[in-house]
1. If we only count strands (runs of 3 or more DSSP E) wholly inside segment 1-101, which ones have 1 or more residues that are within 30 Å of Arg206 (Cβ to Cβ), in contact with a helix residue (DSSP H, G or I) (Cβ under 7 Å, 6 or more places away or on another chain) and open to solvent by 30 Å² or more (accessible area, probe 1.4 Å)?
2. What is the residue count in segment 243-263 for residues that are open to solvent by 50 Å² or more (accessible area, probe 1.4 Å) and either touching a Phe, Trp or Tyr at 6+ places or on another chain (Cβ under 7 Å) or under 26 Å from Gln80 (Cβ atoms) (or both)?
3. Residue by residue through segment 336-386, note down the ones that are assigned to a helix (DSSP H, G or I) and touching a Leu at 6+ places or on another chain (Cβ under 7 Å).
4. Name the residues in segment 509-542 that are within 22 Å of Gly468 (Cα to Cα) and exposed (fewer than 14 other Cβ atoms within 10 Å of the Cβ), would you?
5. Contact list please: Cβ distance under 7 Å, first residue in segment 462-480 and open to solvent by 70 Å² or more (accessible area, probe 1.4 Å), second residue among the hydrophobic types (A, V, I, L, M, F, W, C), pairs at least six apart or on different chains.
6. Give segment 264-282 a look and list any residue that's in a strand (DSSP E or B), open to solvent by 40 Å² or more (accessible area, probe 1.4 Å) and closer than 28 Å to Val412 by Cβ, or say none.
7. State whether the residues of segment 102-120 include one that is open to solvent by 20 Å² or more (accessible area, probe 1.4 Å) and under 30 Å from Lys280 (Cα atoms).
8. Restricting attention to segment 380-389, and to residues there that are touching a Ser or Thr at 6+ places or on another chain (Cβ under 7 Å) and in contact (Cβ under 8 Å) with a residue 12 or more places away in the chain, which single residue is least open to solvent (accessible area, probe 1.4 Å)?
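The values are calculated or read from the model by the stated rules, or taken from the named source; none is laboratory data. All values reported here derive from a predicted model rather than from experimental measurement. Positions of Cβ are generated from backbone atoms using ideal geometry, with glycine treated the same way; all protein chains shown enter the neighbour counts. Accessible surface areas use protein heavy atoms only, side chains included; no ligands, DNA or RNA. Shrake-Rupley method; radii C 1.70, N 1.55, O 1.52, S 1.80 Å.
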Amino acid sequence: MSNPILGVGISGLAAAQSGLLTTGHNIANVNTDGYSRQEIVQAPAQPQLTGAGYLGRGVSVLDVRRAWDALLQAQSWQSQAAASHQETLAAQLERLDTMLGDEAAGLSPAMDAFFASVNALASHPADAAARQAVLSQAQALAERFHQMNSQLENVRGDLNQQFGSALEQINALARQLAQLNEKIVLAKGRGNGAQLPNDLLDQRDRTVGELSRLIGVVVVSQDDGSYNVFMGNGQPLVIKNAANPVSAIAGDGDPAQPLVALQLGATLVKFRSADISGGKLGGVLEFRDQGLDPVHNALGRIAMVFGAAFNDQHRLGQDANGAADGNFFTLGSPQALAATSNTGSAVIAAAVSDYAALGASDFRLEYDGAGYTLTRLPEGTATSYASLPLTIDGVTLSIASGTLAAGDSFLVRPTRSGAAALSLALASVSEVATAAPVRAAAGAGNRGSAVLAQPSVAGPPPVDPNLGQPVTLTFTSSGSFDVSGTGTGNPTGVAYVSGAAIAYNGWTISLSGAPAAGDVFTVGPNTGGSGDNRNALALAALQRARLVAGGFTLPEAYAQLVSGVGNRTQVAIDTREAQAAVLSQAKQAHAAVTSVNLDEEAANLMRYQQAYQAAAKVIAIAGRVFDSVLQLGGAL
């Protein structure tokens, strides 16, 4: 004989027991990161039809459901990726800003000290101690460039380590997600596709959250309960129970600038830096390409422009030995690095044709078999050219040797080596060219009032081969003169204008006043000119000359570099704080749905306890009723 009352009581007891177990599980995991509150889903059992109608048969526990919202969870992952990206970017920019802005270790003090020594030499051009001071300060300035370059290389090395570490962690998490996908699909299958393994789902969501700290991903839920996880450019990182590994590969043309690649079966998919967004990896790549590289290039540009301008002026001067045309510094050169995937044999030559036009951008030169595309990095703006040679930002590119093949590309770095390569080219204090190589003199018998200014040498070097040839100006009247000397063409009857420039053989002089007929002025080699400071004054004036593209002086160019990094750092800090606030809000919104409330769970404990006790009472009564029926049967 069945006992429907007993069945109702047992079903209630089982439901209350499930409720107590679920509530206890919630309380136990109140401090578990990523845990989602669970609750049982109850429904009345199928009623029984009787002559009096349908009678209830108790309760059924249909499911144990976690409190979870897909939209809020996705927003939390996206906010986590953005916050990690900005945290990494801001931290690296702060490091760079501190390095460049250091008053003691920055470039400005060393450059100021160098030009101060040049100014002191201009006051005492024959003083050996002053000459030695210039060489010492030049060496110190070159070493400061080297130190700053080394610091930037150290930052780059640290970035590469973080880059490799992030890829290792991404692969580990991707494998873990694939394994969890497999477990969840099996568990869902065992539950007839309706019941879900909530704790495994939470573990998988936590894993996606950890992955979002490293890289931005898009998660797509599948009908079988698995996740497909895609990277920012749509490439699959995890598909069901299979994880595709990511790895670091040497950058095209520069092994020290690694890129990300994804292994899809037998195919290796290469990523551009712009394809990686979000997470620590995205922050590292953005800082490297848009923060570190431009600063490294800008520092190299300052070194190259400074060194080239100083060399040009120094070569126009004459040293204590009477020699001219000597470089003061050794300079770096532009680089054109062939991509490892090139199939042609061409070597691209890169040479500076105009230092005043040098920029701080790198370029990628690509050949498609018919023409060339030059892309400015990191901006990505591209320009097409029909042939080589071509000139961009003061750098001329040409084919030095070999043959190009369609698809070949080259990474062009005009200034990256500038800071590392700058070095002192002089070996002796006597080689400092303080004097001008030519000197003018008025004839001893001149009767006029004309005043002669010493000649200046026209640049850029090399100088006119006839620069040192003696030239004589003989006035035939107060308004005209004849010229004689090699290289001048020996013109006669040249009109004289007071104060106007007179230029021959690469030099320029100025006469003012009224010469008399028969007055003579000569220009010739500056023999014994160790006390001449004309070239030293011109060298000192370079500190204030607008040598850098955009019309900046050297100090202004460095100040602009420091200011630009400082401004970007502040923007990154502000963005980091804003993104942290967005992440906090997203987590709070998600936690409002998923988190465990102990007060609520305590109330549930009491509710399920009372239900359990009541169901037990029903079972007890059903037992007594059944016993009474048995006793009545025995009496009959």
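1. Qualifying strands (runs of 3 or more DSSP E): 38-44, 59-66.
2. Counting residues in segment 243-263 that are open to solvent by 50 Å² or more (accessible area, probe 1.4 Å) and either touching a Phe, Trp or Tyr at 6+ places or on another chain (Cβ under 7 Å) or under 26 Å from Gln80 (Cβ atoms) (or both) gives 3.
3. Result: Ala356, single match.
4. Passing the criteria: Thr527, Gly528, Gly531.
5. Thr476/Ala517; Ser478/Ala514; Ser478/Ala516; Ser478/Ala517
6. Of everything in segment 264-282, those that are in a strand (DSSP E or B), open to solvent by 40 Å² or more (accessible area, probe 1.4 Å) and closer than 28 Å to Val412 by Cβ turn out to be Leu268, Lys270.
7. Yes, there is a match, as at least one residue in segment 102-120 is open to solvent by 20 Å² or more (accessible area, probe 1.4 Å) and under 30 Å from Lys280 (Cα atoms).
8. Filtering segment 380-389 for residues that are touching a Ser or Thr at 6+ places or on another chain (Cβ under 7 Å) and in contact (Cβ under 8 Å) with a residue 12 or more places away in the chain, the one least open to solvent (accessible area, probe 1.4 Å) comes out as Leu388.
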